[in-house]
1. Counting only the heavy atoms of the protein chains, how much of residue 30 is accessible to a 1.4 Å probe, in Å² to the nearest 10?
2. Just the number, please: Stokes-Einstein D of the chain in µm²/s, Kirkwood Rh from C-alpha pairs, 10 °C, 1.306 mPa s.
3. Would you compute, from DSSP H runs of 4+ residues alone, the mean residue ellipticity of the chain at 222 nm, taking -39500 (n - 2.57) per run and dividing by the full residue count, rounded to the nearest 500?
4. For the chain, what % of the accessible area comes from carbon and sulfur atoms, probe 1.4 Å?
5. Note down the net charge around residue 12, summing +1 for each Lys or Arg and -1 for each Asp or Glu among other residues with Cβ under 15 Å from its Cβ.
6. Might you work out the accessible area of residue 57 for me, using a 1.4 Å probe with all protein chains in place, and round it to the nearest 10 Å²?
7. For the stretch 18-122, what is the relative contact order in percent, using Cα pairs closer than 8 Å and at least 6 residues apart in sequence?
8. GNM on the chain, C-alpha springs below 10 Å: top fluctuator among 72, 25, 88?
Amino acid sequence: MSFDRVCKAGFVAWALLLFTLTHWPNLQVDAGIPRTDLWAHAIGYGVWTFLLIASGFLGARGSWKSVGLGMPLALLYAGLDEASQGIPGLGRFVTWEDFAANSIGVWIGASAWVVWLAIRDH
């Protein structure tokens, strides 16, 4: 399997896992750290964004274009994902804190690429 396919498959697998976890009915996250769920949101969306940009779905893998498209797309999806957790019967909560954590994760994932591209292009 080519590296390109691995990157694409990695993003799809992570996206499916994240969607499943964020929509699992009545899922509670507690690892003994205060507001563990916020850490999970930030890490989940940081990886999601990083892998989206790495996947090549938005243009050349890790390019400025893919970062420029990936960050707003990730923020939009993070908002839709959070809002959809309010579907009756899921027993989930829609909160601004979760969306903020998602957004921080998106920023971190995209920033990792920005730093890499700045170093590469310098």
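1. Answer for residue 30: close to 130 Å² accessible.
2. Estimated via Stokes-Einstein, D reaches 107 µm²/s.
3. Working: 4 runs with 88 residues, N = 122.
So the calculated ellipticity at 222 nm is -25000 deg cm²/dmol.
4. Numbers: 5450 of 7250 Å².
Result for the chain: 75 percent of the exposed heavy-atom area is carbon or sulfur.
5. With Lys, Arg at +1 and Asp, Glu at -1, the neighbours total +2.
6. Taking all protein chains as shown, residue 57 has close to 100 Å².
7. Numbers: 127 pairs, mean separation 40.1, N = 105.
Across the stretch 18-122, relative contact order equals 38 percent.
8. 88
The values are calculated or read from the model by the stated rules, or taken from the named source; none is laboratory data. Quantities reported herein were computed from a predicted structural model and do not represent experimental measurements. Cβ coordinates were reconstructed from backbone atoms using ideal geometry, including for glycine residues, and neighbour counts include every protein chain displayed. Only protein heavy atoms, including side chains, enter the accessible area calculation; ligands, DNA and RNA are left aside. Shrake-Rupley method; radii C 1.70, N 1.55, O 1.52, S 1.80 Å.
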